[in-house]
1. Which is more than 14 Å from chain A (Cβ to nearest Cβ), surrounded by fewer than 24 Cβ atoms within 10 Å (Cβ to Cβ) and either in contact with a strand residue (DSSP E or B) (Cβ under 7 Å, 6 or more places away or on another chain) or among the hydroxyl-bearing types (Ser, Thr, Tyr) (or both), of B:121, B:105, B:112, B:116?
2. Would you call residue B:192 surrounded by fewer than 23 Cβ atoms within 10 Å (Cβ to Cβ), more than 10 Å from chain A (Cβ to nearest Cβ) and not in a loop (DSSP other than H, G, I, E, B)?
3. Do you know which residues across the stretch A:416-438 are more than 10 Å from chain B (Cβ to nearest Cβ) and part of a loop (DSSP other than H, G, I, E, B)?
4. Out of the stretch B:153-180, which residues are in a helix (DSSP H, G or I) and more than 9 Å from chain A (Cβ to nearest Cβ)?
5. Among the residues that make up the stretch A:385-396, is at least one of them more than 20 Å from residue A:320 (Cβ to Cβ) and either assigned to a loop (DSSP other than H, G, I, E, B) or modelled with pLDDT of 95 or more (or both)?
6. Quick one: how many residues across the stretch B:549-559 are within 26 Å of residue A:161 (Cβ to Cβ) and either surrounded by fewer than 16 Cβ atoms within 10 Å (Cβ to Cβ) or more than 9 Å from every other protein chain (Cβ to nearest Cβ) (or both)?
7. Please specify each residue of the stretch A:416-450 satisfying the condition of being in contact with a Pro (Cβ under 6 Å, 6 or more places away or on another chain) and buried (at least 24 other Cβ atoms within 10 Å of the Cβ).
8. I'd like the residue in the stretch A:390-409 that is at the interface with chain B (Cβ under 7 Å from one of its Cβ atoms) and among the hydrophobic types (A, V, I, L, M, F, W, C) and, out of all such residues, is nearest to residue B:174 (Cα to Cα).
Amino acid sequence: MDAWILIAGILIPLFGALLLPVIGKLSVKARNTAALILIAAAFASAVCALPGALSGDPLSVRFELPLGLSFGFTGDALAVFMAMTATFVSFIIVVYSLGYIKHYENQNEYYMMVCLFIGAMMGLVYSTNLIAIYTFWEISSLCCWRLIGFYRDDMSVRKANKAFIVTVLGALIMLIGFMGIYGQTGTFELAAMKGAHIPSWTVVLILFGILSKSATFPLHSWLPDAGVAPSPVTSLLHAAVLVKIGVYAYARLFVITFRTDDSFTTIVPVIAAVSALISAGAAFRENDIKRVVAYSTISQLAYILLGLSCGNQTGLIGGLLYILAHSVAKGGLFLCAGIVEHTLHTKDIRKMGGLAKTMPVTAVAFAMCALSVMGIPPFSGFFAKHLVIEGIVESGNIALAAVFIAGAVMTVMYLTRLFIKVFLGPQTFPDVREGTPVMTASVLILGITALLLGLFIFLPSELASLVWGLI
Amino acid sequence: MINAFVDFISSDCNYIICMTAVPVIFGFLIWLLRKNALLIKITAFVSAAFNLAAALGLYAAGDIKTSLPFSAYGFEADFRIYGLSSLFLVFTAAVFLLIALYSAYSVFGKKYAGLYMLCLYLSLAMVNGAMIADNLSVMLFFWEGMLCTLTGILLMGNFENPKTAVKALTMCGISDLLLMLGLVITSVTAETAEISELSGIPAEGAGAIGFALLILGAVGKAGGMPFHSWIPDSASDTPAAFMAAFPGAFGKILGVYFITRTITDIYAFEPGGTAGIILMILGLINLIYGASKALGQKDMKRQFAYISVSQFGFILLGAGTGLSAGISGTLSGLFMQVISITGLFIISDGVGKRFGTTEIKKITGFYKKMPAAAVCFTVFALSIAGFPVFGGFFSNMLILIAATEAGMVYYIAGLAGIFLTTLAFIKTGFAIFGENKKQRGTKEEKKYTGRTGIAAAAIILAVTCAVSGIWNSIMTDNIIGRGAGIYTDRGGWHNALLPAAISMCLLALALWLHIYISKKPGSLSDTSGETKSLIEAGKFDPYNILIACVGFYSDICTAVEHGVSWIYDTAVPGAVKRVGMVLHRADNGLLSRYLILAVCGAAGILAVFLIVLM
């Protein structure tokens, strides 16, 4: 019976989302409240699955289908970790949306797509079957397409199409990889394939899907362009859901389930290093506030990929903590950028300056989140970055660790540059004010969470440590 | 009662709470009391005195080790007090007592006074935490945590011109990241991150990289080259209380503490080995570069900032010898430098407040207005220059003795560095004690708040300089000997006659040279026009060089990025469009052509599936 909590965590946001447009026709307040309840329900289901994950006896459910097929869901440590992270950040983003999105059209569709997005994410993280993973993966691509094109102007639609085509094409290539694995193992069930050595060509094909979803160089180009979407959407894509799907799939498939050639413990970190360095360099020259943060996402995702791919416990735990720290901090950065853009009606940082005086709460929240992304203690990003670097050194690759340290230096530099250009220096907009209270409170909560997660890092660390036991 | 206090402080996790949590609590308390001058001063005194008492209690208690239950993976919350760490805790606490009191007097009434004091106390907690941590990662947590408070203070009141804060964050951030890599390599090489279990790691292979990175990180924290350039800039932008606390005391104490631990405990450091030679050369570069730059400065605060860099180089020279005399000299030199440089910054604060400027030429003859400050300046300058009687003489002597044993070239270079430092002080001293008719009688002097605090702090520090010189063996043999377990038998005056004579000759030579050159047109500190303009434009500033390199690299990345975007936005859609047009032309509406195309498409899909299934 308890296992139905997992199904509720998937179905409530998935099917609840379909009701939101109907509720929206009747009452805007009811729709907003319902959207929050749907996300909260998903979070609650993850929390309910936590004791099972911690005890090593996760909630699981399995359904047998005709023709020997089956599908199921499990709430193990990795799934619960991802689900809690994604739903917590998504909840804050939806709260923020209440202030941000209220002036725009298509709100019903917006809330529907956001909840569908979260439902798809929940389905993906709990799934124990490759086809189910692929299905939820594609639902998320569909939501992403509609949300990026939210404003419906030519530019937005073009960028939405680009994101859709790249991620769906990647997913289709990944599907071929899944078929290849099926051809070898005769099953789509992850549990049945555990420990199986899969051919390198299937790994390469699946990596296509993963790298396109997690926006890794050279399949990353859609992510900075997705900045045309409303800020809560970009925050959702970058911090909570979309790009994290890719790294989650990497952890689920290549760390926990399959065995691959040892060469991939070098190839993937090298791809990650190239991605980290090039995107960090691009971020330093960019003048669009959202594109800077977007390049930062690409760069930081490379650290997550590095941690997960270096093949040891330290790196894996570092990578998982990085997912958590990055979700919270990057969510905060995008939402702060949203407040700035919403207030100033520009994304060009050359036209900004001195906003710390008029928007002090946003400035403080931005600074806290930026410090976390930079990896400065006591913020949570420090612990994650440290463990990821330690993981790669443990795997014997000091040169690669040095490359990532250079990337970390770049991170400090481009985020500092961004903060100065936007919040310090001479005031260019002396009459602007903070965003709405709900928006300001949202970013502050994320900033404070980044700090508290650092001070109480032993709590998520305990859960992340259990993931190693799944291998 | 004292025994009861020592027992209390050393039992369970009390020392961890007292050294880390209590300063944080006091910091917030002072922040809450920020509008009441008397309460701020009382709280600052009580808290700093408690911190000193706790540090002394731990020094008396000896070896203590505690593991806290809330450890994260890789961050085991282990803490330990032993000789060297307790010695440094006492150093820090003693200096902090003065800095806290001085800051309470100096910054009260200013806009960010409460926040400044809060950051100061948070930094104390971080410094204490880094010294008592027995896990490399936990130590880094405290160590790097100071970046937040450092940047925060530099930003206060400088929102419109945050360049120095950015520079400090970048340079210190880089050195901290290098330290992170060094710590990780060290713990992986030793297969443990517990500091008390790290001993004698060979500095070869990965260990050599780890060692070098640890030293670079510590040099960065102590404000040494090439991470130093934010310090002179911050001297212009920030109150002297900051300069005294951060580059003057906290950073230097922490940096030297870790260098000492690295070479005495963690790595197998052989005197005269390659690592030692590199360390000594790095020290000499810092010493001579800092002193030369100090000589050329026109502003008193910037000059003291460069002297701080130079003096760090001198103690690095001592550490690099790896000999007991050198390390003892490093530890006592650190203490004397922290006292003297803190005192110099405090004086510069008083001068700035009184005259509205710290430009050396404009304060000529200030000894008449501020005689106590002038005397204190003389004491600090003579102590740093190694004049007998003052504490600095003995630390200099120990370092130079060790340098002689390491090689005559280090001794001569060390003397040259001291000579340049002395020249810089003489230049400022002549301005202070000289007569300038043009400036005399100007109405620049102002009444300012905090005079008592400034004068008291400077006098206490100057007396400490003198006392630690007269009874130098207490410092070298008892305090450092007992704390660090390094005994030199070099303390006392009976060993000091020849070094004292050399020091006096050096001082006389510097004095003569200054008088001789000042009569000539131009001065020793003047450089050629072209070089001067390059220096003034910051062309040799490591930070500016870094920014230029990163800018160039970013241009390349942006070009790559544009190339990738072109593929996605232009090339692929263009190719698809062309293929579509070709197919469109190919489909002429005839059934036969349609069937050929359909069969080709189906064959393609079938081929893919066959490949997959095979």
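The values are calculated or read from the model by the stated rules, or taken from the named source; none is laboratory data. As the structure is a prediction and not an experimental result, all values here were calculated from the model. Every residue, glycine as well, gets a Cβ built from its backbone with ideal geometry; the counts of neighbours run over all protein chains shown.
1. Of B:121, B:105, B:112, B:116, the one residue that is more than 14 Å from chain A (Cβ to nearest Cβ), surrounded by fewer than 24 Cβ atoms within 10 Å (Cβ to Cβ) and either in contact with a strand residue (DSSP E or B) (Cβ under 7 Å, 6 or more places away or on another chain) or among the hydroxyl-bearing types (Ser, Thr, Tyr) (or both) is B:105.
2. no
3. Within the stretch A:416-438, A:428, A:429, A:430, A:431, A:432, A:433, A:434, A:435, A:436 meet the criteria.
4. B:153, B:154, B:164, B:167, B:168, B:171, B:172, B:175, B:179
5. There is at least one residue in the stretch A:385-396 that is more than 20 Å from residue A:320 (Cβ to Cβ) and either assigned to a loop (DSSP other than H, G, I, E, B) or modelled with pLDDT of 95 or more (or both).
6. 1
7. A:424
8. For the stretch A:390-409, the residue satisfying everything is A:409.
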